[in-house]
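So the structure is just underneath, and the comments pick up after that.
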Amino acid sequence: MGDSKHISVHRLLGEGLIADVVLWKNWRGAVAVLVSATALWYLFERAGYNFLSFVANVVLLLVVILFFWAKAANLLNRPLPPLPDLEISEETIARVADALQIWMNRALSVAHDIAIERNLLLCLQVVGVLWVISYIGSLFNFLTLIYFGVLLCLSLPVLYDKYQDQVDDRLCVIHGIIQTQYTKVHSTVLSKIPKLSNKEKKVQ
């Protein structure tokens, strides 16, 4: 493949701090995320530490530190703890609400296509994805899945950015095989399933 088809992974990830961490351009941040995720996974998964107790102890430690820091600052005429404004702006809430609205509308659209439009292909796709998620969930617990997700986020993007041409070639071959198999299934099975006409949809 030529350089004209080369995709900037850094640009796709937003060209911000997250992109720098995921692609190891900010290697200190990437190492911090990896070490933190590994430590938390070990505490909760291997050491058997309780999540609620961990959160309570961390918050308790922070409250005690801040309390004595503020007391010592008053006695020694030192500046108070440099805490930011502990509030959520309306703009942040609006962005979160807009993002949730988009995802909820997509989910409702998929449900509509399956239940009302009787889209068999979409139904099979949803069933397949849910089955894969259920199967993976039966192999690992939720915390381990999150830890694996962090590892994949710190490895796959940087590997794809480095070996993009080779990966794209393999993906094109796999896509061609899947497309061929889907054409066979569609011609032998899916095409024989009767579809609802527009009149039948209106009657329902």
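One table, with the values for the structure above:
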quantity	calculated
Largest to smallest principal axis extent of the C-alpha atoms in region 14-76, angstrom	46, 34, 17
Pairs of alpha carbons in region 60-179 whose separation is greater than 18 Å (percent)	79 percent
Relative contact order for the chain, counting Cα pairs under 8 Å that sit 6 or more residues apart, in percent	33 percent
GluC sites (Glu not before Pro) within region 89-126, DSSP loop, no more than 16 other Cβ atoms inside 10 Å	117
Trypsin sites (Lys or Arg not before Pro) restricted to region 25-124 and DSSP loop, no more than 16 other C-beta within 10 Å	25, 118
The chain - accessible surface per residue (Å², probe 1.4 Å)	82 Å²
In nm, spacing of pseudo-spin labels at residue 141 and residue 120 (7 Å Cα→C-beta vector)	4.3 nm
Gaussian network model of the chain, springs between alpha carbon atoms under 10 Å - residue of 75, 143, 122 with greatest fluctuation	75
Over the chain: helical MRE at 222 nm, DSSP H runs n ≥ 4 each giving -39500 (n - 2.57), nearest 500	-23500 deg cm²/dmol
Net charge of neighbours whose Cβ lies under 14 Å from the Cβ of residue 26, counting Lys and Arg as +1 and Asp and Glu as -1	0
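The values are calculated or read from the model by the stated rules, or taken from the named source; none is laboratory data. Note that this is a predicted model, so its numbers are computed, not measured. So basically every Cβ, Gly included, is an ideal-geometry build from the backbone, and we count neighbours across all protein chains shown. With ligands, DNA and RNA removed, areas are computed over all heavy atoms of the protein, side chains included. Shrake-Rupley method; radii C 1.70, N 1.55, O 1.52, S 1.80 Å.
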